[in-house]
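Q: Submitted below is the structure of interest, expressed as C-alpha cells.
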Amino acid sequence: MAEKGFSSIGIDVKVNSVALNNVTNIGDIGGEPNQLETTNMKSKVQTFVPGVQQTNAWEITCNYDNSSADSDYRKMKALETAGNAVPVEVTYPDGTKFASKGRVSVRLPAVGVNAVPTMIVSVSLEEDWTVTDPAGN
C-alpha cells in the first residue's frame with residue numbers, strides 16, 4: 001500500500017474506546033532507552049548499554065470542543081476525574097494498531113489571536129506499546 005508512505009488522513013485515535021473526533025497531532029509512540037554508562041579505565045571512548053525505556057506522557061492534541069455532553073473535552077475530563085488507567089489505541093490507515101494503557105489528564109494550552117483553541121490529552125503510560133500488524137501482511 002505505502003511504497004512511498006501514506007497520508008495521516010484516517011489515523012484513528014481512541015481513549016477508553018472513545019474515538020476522538022478532532023485530533024490534529026499525536027505524540028511519539030515508543031521511546032528511547034536510558035543510556036547506562038559502562039566506560040572503564042581502559043576505554044578510549046565512552047561506552048553504554050541500554051537501560052529502562054523512557055516513556056514520557058503520550059500527548060494527543062485536538063481542536064477544543066465542549067459544545068455537548070458527547071464532546072471530546074467532556075469525555076476526556078470524565079476519564080481524568082475517574083482517575084483510572086484506560087486503554088489507548090492508535091490505528092494507522094494501513095491497519096497497523098498501536099495499543100497501551102494509562103491515566104488521562106486534560107489541559108487547555110494558551111491561545112492567541114486568529115487561532116483555533118486546542119486541548120491536550122495527556123496519557124501517563126503504564127505499559128509499553130504493543131503493535132498489531134495489518135491483517136494479511
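Bear in mind that the values in this text are calculations on the coordinates, not laboratory data. Because the structure is a prediction, the values reported are computed rather than measured. When we count neighbours, we look across all protein chains shown, and the Cβ atoms used for this are built from the backbone with ideal geometry, even at glycine.
Q: Here are several values of log10 I(q)/I(0) by the Debye sum over Cα atoms at q = 0.09 Å⁻¹: (i) -0.37; (ii) -0.26; (iii) -0.41. Which one was derived from the coordinates shown?
A: Answer by label: (i).
Q: Mind telling me which of LYS101, LYS75, LYS42 comes out most flexible in a GNM of the chain, alpha-carbon contacts under 10 Å?
A: Highest fluctuation of the listed residues: LYS42.
Q: Right, here's the next one. Give the aspartates and glutamates reachable from LYS44 as a straight Cα distance under 12 Å; neighbours fewer than 8 places away on the same chain don't count.
A: none
Q: Once both axes come from the Cα atoms, what is the angle between helix 72-82 and the longest principal axis of the chain, in degrees from 0 to 90, rounded to 10?
A: 60 degrees
Q: Would you compute, from DSSP H runs of 4+ residues alone, the mean residue ellipticity of the chain at 222 nm, taking -39500 (n - 2.57) per run and dividing by the full residue count, rounded to the nearest 500?
A: Calculated mean residue ellipticity at 222 nm is -2500 deg cm²/dmol.
Q: Top mean-square fluctuation among VAL106, VAL121, VAL52, Gaussian network model of the chain, C-alpha springs under 10 Å?
A: Checking each option, the largest mean-square fluctuation is seen for VAL52.
Q: Could you pull out every one of the lysines with an alpha carbon less than 28 Å from that of LYS101, ignoring same-chain neighbours closer than 8 positions?
A: Those lysines meeting the cut-off are LYS14, LYS75, LYS77.
Q: Same structure again: So if R0 is 22 Å, what FRET efficiency would SER68 and ASP12 give, r being the distance between their Cβ atoms, rounded to the nearest 0.05?
A: Efficiency computed from Cβ-Cβ geometry: 0.60.
Q: For the chain, with a Gaussian network of springs between Cα atoms less than 10 Å apart, report the residue from SER124, SER67, SER105 with the top mean-square fluctuation.
A: Looking only at SER124, SER67, SER105, the biggest GNM fluctuation is shown by SER67.
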